[in-house]
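Some notes on the structure that comes next.
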Amino acid sequence: MDTEKGIYETDTQILSLAGSGNICLCDDYRYFIEINYIIYPSIRHAVLSWKTTDVELKNKISMTLLPADLKTLEQSIPVTYHLWSKNFILSLYNKYTFQKFNDSSAPLFAEVLLATNHKEIIAGLMKGQALFTIDEIADVHNYEGALLMTARDFLHTKKACTLL
């Protein structure tokens, strides 16, 4: 096994999506989502857009590219408790993640996810990476990894059903 790859991926685990060559699985990887005529460049952007009702701020979210800048923007959004509910934010992550991996116009995402086989996906930080996850997700242990594994299991089941 390549020692550099071993830092990011083992025979049973994927420890870093970017380091293991699976960066397209990340929630901030380019996957366009349209909500109310505004196109967001990733799942993270789309979810963050629901934390405000301000159309100007929603447009700014759609135009912000760097994760650090998006995190700074999130921290400037006034708290509206019904929009910042952890359950609501997690339900949006679920919705857009399943949308991304079931999108027939972008089959590469599903192919890459299925190619992780049955490895445990741990969406952790490696080698000094900064945490830019949306606040409600940050304190849920390995939420992104668990969600990706659930989506992968769904894709395996869907694929098996089409073979019947």
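The values are calculated or read from the model by the stated rules, or taken from the named source; none is laboratory data. None of the values given here were measured: they were computed from a predicted structure. Virtual Cβ from ideal backbone geometry, glycine too; neighbours counted across all protein chains shown.
Descriptive notes on the structure:
- Candidates in region 81-107 are the residues that are loosely packed, with under 12 Cβ neighbours inside 10 Å and modelled with pLDDT under 90; of these, the one that is nearest to Y31 (Cα to Cα) is N87.
- Of the residues in region 38-56, none is surrounded by fewer than 17 Cβ atoms within 10 Å (Cβ to Cβ), at pLDDT 95 or above and aromatic (F, W, Y).
- With respect to being at pLDDT below 95, buried (at least 16 other Cβ atoms within 10 Å of the Cβ) and in contact with a strand residue (DSSP E or B) (Cβ under 9 Å, 6 or more places away or on another chain), L73 falls outside the description.
- Of all residue pairs spaced 6 or more apart or on separate chains, those with beta-carbon atoms under 9 Å, a first member in region 118-129 that is modelled with pLDDT under 90 and a second member that is in a strand (DSSP E or B) are I122/Q13; I122/I14; A123/I14.
- Any hit, region 3-23, residues being touching a Lys or Arg at 6+ places or on another chain (Cβ under 7 Å) and surrounded by fewer than 14 Cβ atoms within 10 Å (Cβ to Cβ): yes
- The set of residues in region 7-62 being part of a loop (DSSP other than H, G, I, E, B), touching a residue at least 24 places away in the same chain (Cβ under 8 Å) and of a type in the set (F, W, Y) consists of Y31, W50.
- Residues of region 11-37 satisfying the condition of being modelled with pLDDT under 95 and touching a strand residue (DSSP E or B) at 6+ places or on another chain (Cβ under 9 Å): T12, Q13, I14, L15, S16, L17, G19, S20, G21, N22, L25
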